Structure formats: structure tokens, C-alpha cells
Amino acid sequence: MIEGLRLGVDFGTSSTKVALKLPNRAPVPLPIGDDQTTPYMPSVVTFPASPAAGDVLVAEHAARAAEAGTTVRAVKRCLGCQGDPCDPSRCASLPWCDGSGLIRARADLRVKPEDVMRTIVLEAVRRAREAALQRFGVSLDQLEGVGMGCGACFDHHQRSLLMDVAREAFGEHVPISLIDEPIATAMAYGNLSGIPPGRVLICDYGGGTFDTALLDVEGSGPGRFTLLAADGVRWLGGDDIDLLVYERFLDAMSRQSTIPVTDHGDNLAPLERQSIRSLSTQAKESLSSEEVFDTALFSESYGIVSLDLSREDLEQMVRSERRFEGCTFVERSRYCMLGTVMVTEVFRQARDARLLDGD
């Protein structure tokens, strides 16, 4: 063990990242992309169409081979599902979900979400080991400890699943700690130099969850902040915007054909649904910098269809669609932020009234 040598692992809904903390140095992201430069890898797994078609693919290889089998994305959202019937609206957003908490990898194969997570995390750690050795000459067998990120709204079972895969990746002898993602963000922000004193609300809108943290920044130097509260919302993230765009594209296909398309894309082949989901993500991402997304798709049932979306239309959809217990994306995010602030205020009032004092 090397004192001060630590690793941080962020298994995300869309991508997975690993950071290395060398003794007496600031943490640095490890280039775990398959180009050995990109500091992240996609949280994606593709199962081949048949057992004879090859091995399960992970990360970039899985994303590029989406048409070769069943591609599983955003599995973090299903982590810990224990067989209860899925919410139909959520199941529809995950074309590989069979509605019972299992992943439909092939017609003859069902797997648990935690098994897919395990594949992704172990691949990320394998790449991190290579990158740490090549870039810094450091063996991850000498780690002092590992920090594993998790959603603020994760329950005990979900946290246990993360701990299990971390122990498998690093061994029982390495101390593993789980850190709520908004808390980790707050710690990193609070320790930055040049941040003026004051109260800061941090919002993390990720691929699958929305997390918030409230902290007080005081003075200067390390440890100059106090974390006041943190909270999160499961099933509120970029993937939900992808689903909005996906449904918009299905509606466009219906309007250009005499064959109706349901919200679930029942008349489309599985690979066609995957292609449209991929285009939905591309549209969302491109509209961050472009005004219009415009492409065409060939479908065996629908022929060539035009799929386009403007930034103005996307913003209107996000502002108006009520998908979270009657709330829009913006409203549900705001309620989470207000909840974090209210927890802080309740704690302050209880402290001032000496309700927290011991006997």
C-alpha cells in the first residue's frame, strides 16, 4: 500500500469515469477511453444476437456494434430492481427491459441489471489499471482506498450492489467507501481555489438522475466548506429527454406513413428502435450547439423517413411535458432543489431552538 494513493470510480448512467489521486497531488482523470486519451468510456453493453456471434461487447465497442445484437444503455436506472413489475412508462423507455426487472439480452437469455453493471465497472477498472501503470508507473494493487460514487437517492440494496462489484474489482483488503455524487461534487467545488465565501447550491443533471447539494464556503484553504444537505431524484435526467425526442420521431414516422407507430414503436424491428433511440440522443446533443437537427432513416416498414427537430421545439417540449407526477422537467428539478434548501432550514431552526442538544 502507498499512503495517499487513492482511486475514484464514477459509474454513470451514460458514461463511466475513473480518477487517480497520487500522494501530495490533485486527482487526475485516467484516460480510459479506447483511444487512450478520452477520460471516460460509455456505460454500454451489447449482447450478440446469438451465442455463436461472439463475446459480449463493452463501452465503445458495444456502441459501435449496436446493430449486431441487443444494446443495453442506462442500466444504472434499473440497478437493484428485484423482480417487481416495472412502471410501464419507464419500461417503454428501455427497449431491452422485459417488464419484470430483467434484461432481455436475447430471446433465450435474461440477465440481471447488476450483472451488466459488473461488466462495465470491471472493464473500466481494467483500463484504469493499464492507464495508471503506463502514465504514472503506479500499480493499483497498492491503493490506500477507493471511493465509489452513487446516486443520492440510492437505497441500501443498490449501494450494496455497488460495494459488491467494487470489492470484486479491488479485493477485500482495499477499503471501499461510497460517496453520494452530489456530495463528491460539493467537496470538489468547495476545495477549489478562487471560490468566494458564501452559500452555494450545486445541481447535477446527469443521464439518469438529478442530484443537488447545498454548502457553505468559508475562508480559504482545504476543508473550507460545510456540506448542509444533499438530495436527488431517480428517473430524472438526460435519458428522459432522449425519450421525448424518440417519441417525437415516432410521431413523425406515423405522419409520413399510413402505418401507425405507437409510443412503444411496436411496428418496428428491435434494431430499428435502437437506431431511432441513438438518433434521439444525437439530436439532443447536437441541439446544444446547433439550431436544427435534420437526418433521414431507412426502415423496412416505413421506407425513408425524415427526422428533424429544432432547438426551440426541444426546449418547448422540456418546458411543457408533464411526466413526473404531473410535473415538467423544470418543475421536478426545482422541487428537488427546494427540498434540499428546506432540509437545511429545518436543521437550522432545530439547532437554534436547541432541539439537537443532548441531555
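The values are calculated or read from the model by the stated rules, or taken from the named source; none is laboratory data. Only a predicted model underlies this, so the values are computations on that prediction, with no experimental measurement involved. No Cβ is skipped: glycine too gets one built from the backbone with ideal geometry, and neighbour counts run over all protein chains shown. Keep in mind that these areas ignore ligands, DNA and RNA; they rest on the heavy atoms of the full protein, side chains included. Shrake-Rupley method; radii C 1.70, N 1.55, O 1.52, S 1.80 Å.
Brief remarks on what is shown
- Between segment 96-110 and segment 117-175, the Cα center-to-center distance that results, in Å: 27 Å
- Convex hull volume per residue, computed on the Cα atoms of the chain, equals 183 Å³.
- For segment 240-345, averaging the sequence separation of C-alpha pairs within contact (under 8 Å, six or more residues apart) and dividing by the residue count gives a relative contact order of 22 percent.
- For segment 108-260, a Kirkwood radius taken over Cα pairs fed into Stokes-Einstein (20 °C, viscosity 1.002 mPa s) yields D = 114 µm²/s.
- Two-decimal ratio, segment 256-359, of alpha-carbon radius of gyration to 2.2 N^0.38 Å: 1.76
- Segment 131-221 - Debye-derived log10 I(q)/I(0), Cα point model, q = 0.14, 0.22, 0.25 Å⁻¹: -0.70, -1.06, -1.14
- Ranked by solvent-accessible area (1.4 Å probe, protein heavy atoms only, all chains present), the residues Met148, Met163, Met1 order from largest to smallest as Met1, Met163, Met148.
- Measuring with a 1.4 angstrom probe and ignoring ligands and nucleic acids, Tyr40 comes out at about 100 Å² accessible.
- DSSP bridge pairs, segment 122-265: antiparallel proportion in percent, nearest 5: 75 percent
- Ranking by accessible area, most exposed first, for Lys17, Lys284, Lys112, Lys76 with a 1.4 Å probe: Lys112, Lys17, Lys284, Lys76
- Of the solvent-accessible surface of segment 261-321, computed with a 1.4 Å probe over protein heavy atoms with every protein chain present, carbon and sulfur atoms account for 45 percent.
- Euclidean distance of C-alpha centroids, segment 258-331 and segment 1-64, integer Å: 28 Å
- Summed over the residues of segment 190-333 and divided among them, the accessible surface reaches 50 Å² per residue at a probe radius of 1.4 Å.
- The loop-placed GluC sites (Glu not before Pro) in segment 96-183, going by DSSP, that have at most 15 neighbouring Cβ atoms within 10 Å of their Cβ come out as Glu144, Glu172.
- Under the convention that each Lys and Arg Cβ holds +1 and each Asp and Glu Cβ holds -1, the size of the dipole of the chain around its Cα centre is about 540 debye.
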